[in-house]
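K.L.:
Have a look at this one.
The values are calculated or read from the model by the stated rules, or taken from the named source; none is laboratory data. What you see is a predicted model; the values in this text were computed from it and never measured. As a convention, Cβ positions derive from the backbone with ideal geometry for all residues, glycine included, and neighbour counts pool all protein chains shown. Ligands, DNA and RNA are excluded from the accessible area calculation, which covers all protein heavy atoms including side chains. Shrake-Rupley method; radii C 1.70, N 1.55, O 1.52, S 1.80 Å.
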Amino acid sequence: MGQLRKNFLWGGAVAAHQLEGAWQADGKGVSVSDVMTAGDVDHQRGITDGVLPGYNYPNHEGIDFYHRYAADIKLFAEMGFKSFRTSIAWTRIFPNGDETEPNEAGLQFYDDLFDECLKYDIQPVVTLSHFEMPYHLVTEYGGWRNRQVIGFFTHFAETVFKRYQHKVKYWMTFNEINNQANYHSQFSLFTNSGLKITADENPEKVMYQAAHYELVASAQAVKIGKQINPDFEIGCMIAMCPIYPLTAKPEDVLKAERAMQTRYWFADVHCHGRYPEWLLQYQTNQNYNLDITDADLADLAAGTVDYIGFSYYMSFATKDNGAAELHYDEEHDLVPNPYVEASEWGWQIDPVGLRYAMNWFNDHYHLPEFIVENGFGAVDQVEADGSIHDSYRVDYLRKHLVQMKKAVIEDGVDLMGYTPWGCIDLVSAGTGQMSKRYGFIYVDKQDDGSGTLARSKKDSFYWYQKVIKTNGQDLTD
Ligand code: P53
């Protein structure tokens with residue numbers, strides 16, 4: 001009988017821009033997340049032209065992790081974390097993105113942060129680009145639609161690989177690179193790639209071009225990283241929301257297959273080092289004439305990833321819409337799945353889908369996997385005595401862990417670790433809210449920015465502590 005790896009990387013995950021705050025401290029530059037206002041379940045976050053007076057920019061303060069990380073990591077250690085996934089804010093290292101010399105104060109911050117983790121034998125797991133590229137690269141270069149950004153990114157990657165080569169072993173290049181498969185979503189195009197689409201542009205074409213440059217940059221970074229330290233493990237990071245056919249009608253099944261291809265071809269390039277045939281044919285048929293050179297193709301082939309990092313929150317469903325052409329458009333082609341329930345934010349909860357996803361990745365790529373995000377965003381109630389009874393969160397995580405274990409123990413998936421999202425409450429990426437909470441640790445900060453920022457342990461804190469202590473054997477309350 002198989003079991004979880006002995007050194008299974010139990011931990012938690014965050015991203016710099018969602019919790020560090022200190023948006024201007026020690027020379028930090030403005031990132032794309034610094035120009036995003038707060039939204040809610042019904043309203044998309046706004047994107048302003050730079051940082052303007054009179055707006056609420058929740059990432060500017062985050063939860064002030066920048067000044068409080070030592071106490072927070074102590075709490076992670078108390079839960080028994082073996083790993084801690086965060087990102088390096090690109091703008092702390094290269095405030096504008098196009099400098100030649102890095103900002104020493106920014107580099108020092110991550111030295112201190114990683115040292116604090118290692119003090120407790122917590123392995124840092126680091127994402128290079130998590131929705132926080134320098135805003136200057138948007139205004140001056142047009143974001144990732146510009147080939148020059150490849151060089152800026154690899155310079156950043158090389159700088160931090162060298163600096164932290166003895167402190168960080170696990171890396172990922174681009175967070176949820178495939179979110180932009182939804183090319184109608186301004187939010188995804190901006191957060192992934194710093195893209196603002198103009199009226200005369202075809203957003204799908206721009207997305208394919210930007211994603212290509214990112215994939216080349218990722219492949220080059222893998223190569224550079226391995227030269228600096230051959231022991232590095234460098235992964236991709238895919239937002240996995242399996243897309244099911246609504247019925248067994250062949251046209252629905254075919255549509256769902258195209259939906260999966262459209263959402264996950266990014267993983268084909270990361271893992272196989274080449275584009276899938278259907279996509280090359282599609283791009284040819286559309287006359288997209290993308291800038292893809294032979295040197296790029298050689299880079300892609302030479303820079304495949306070591307493992308698949310992925311987030312898993314929910315699944316989707318789709319059905320044939322009668323159109324003559326087989327095409328999946330994520331903004332319009334999803335339908336509710338009658339067999340699963342949804343969260344308050346409309347995310348369809350599907351633990352079995354996690355086992356499905358792990359098998360799907362394994363069959364396609366035969367690589368180790370790392371669940372680097374999973375979790376339940378919910379409103380928490382603080383009781384009069386300060387306690388927080390988040391049984392709904394424990395319930396969600398437990399059901400997913402049951403399926404995760406089946407994928408490993410019964411299906412033979414090689415899983416490196418599990419780092420649930422937002423192990424400490426932080427700013428929601430999608431809505432900018434604080435009230436969409438994921439943490440085992442509560443942070444006293446509200447959507448309007450009020451609160452003491454004090455930390456306290458939820459019931460789930462003690463539950464997760466026991467899960468880790470028993471290496472996932474005991475999932476009971
Ligand atoms: P929030 C969409 C779909 C799946 C995951 O999301 C997503 C998104 C974008 O919102 O994002 C990831 O905060 C992302 C994190 C994010 C987390 O999921 O919108 O990697 O940065 O916070 C949860 O509830």
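K.L.:
Just give me the residues in region 169-182 being open to solvent by less than 20 Å² (accessible area, probe 1.4 Å) and touching a helix residue (DSSP H, G or I) at 6+ places or on another chain (Cβ under 6 Å), in sequence order.
P.N.:
Passing the criteria: T173, F174, I177, N178, Q180, A181.
K.L.:
So is V382 among the aliphatic types (A, V, I, L, M) and part of a loop (DSSP other than H, G, I, E, B) or not? Explain how you work it out, then say what you get.
P.N.:
Numbers: among the aliphatic types (A, V, I, L, M): yes; part of a loop (DSSP other than H, G, I, E, B): yes.
So V382 passes the test.
K.L.:
Please determine, by comparing only the residues of region 44-67 that are out of contact with any Gly (no Cβ under 9 Å at 6 or more places or on another chain) and in contact (Cβ under 8 Å) with a residue 60 or more places away in the chain, which one is surrounded by the most Cβ atoms within 10 Å (Cβ to Cβ).
P.N.:
Once the filter is applied, the top-ranked residue is I47.
K.L.:
Within region 133-141, is even one residue under 23 Å from A211 (Cα atoms), surrounded by fewer than 21 Cβ atoms within 10 Å (Cβ to Cβ) and of a type in the set (V, I, T)?
P.N.:
Looking through region 133-141, at least one residue is under 23 Å from A211 (Cα atoms), surrounded by fewer than 21 Cβ atoms within 10 Å (Cβ to Cβ) and of a type in the set (V, I, T).
K.L.:
For region 447-462, what are the residues that are away from the ligand (no atom under 16 Å from the Cβ) and open to solvent by 10 Å² or more (accessible area, probe 1.4 Å)?
P.N.:
D448, G449, S450, G451, T452, L453, A454, R455, S456, K457, D459, Y462
K.L.:
Next question, about the same structure. In region 349-386, what residues are surrounded by 15 or more Cβ atoms within 10 Å (Cβ to Cβ), away from the ligand (no atom under 16 Å from the Cβ) and of a type in the set (A, V, I, L, M)?
P.N.:
V352, M358, L367
K.L.:
Considering T262, T284, which residue is within 16 Å of the ligand (Cβ to nearest atom), of a type in the set (V, I, T), modelled with pLDDT of 95 or more and assigned to a helix (DSSP H, G or I)?
P.N.:
Exactly one residue qualifies, and that residue is T262.
K.L.:
Could you give me the residue pairs with C-beta distances under 9 Å whose first residue belongs to region 310-337 and is at pLDDT 95 or above, whose second residue is surrounded by fewer than 19 Cβ atoms within 10 Å (Cβ to Cβ) and part of a strand (DSSP E or B) wherever it lies, and which are 6+ apart or on separate chains?
P.N.:
Y313/I349; M314/A342; M314/I349; S315/I349; P336/A342
K.L.:
Something else about it: With respect to H389, is the statement that it is in contact with a Cys (Cβ under 8 Å, 6 or more places away or on another chain) and either open to solvent by 50 Å² or more (accessible area, probe 1.4 Å) or not in a strand (DSSP E or B) (or both) true? Before you say what the answer is, go through the steps one by one.
P.N.:
Working: in contact with a Cys (Cβ under 8 Å, 6 or more places away or on another chain): no; either open to solvent by 50 Å² or more (accessible area, probe 1.4 Å) or not in a strand (DSSP E or B) (or both): yes.
It is false that H389 is in contact with a Cys (Cβ under 8 Å, 6 or more places away or on another chain) and either open to solvent by 50 Å² or more (accessible area, probe 1.4 Å) or not in a strand (DSSP E or B) (or both).
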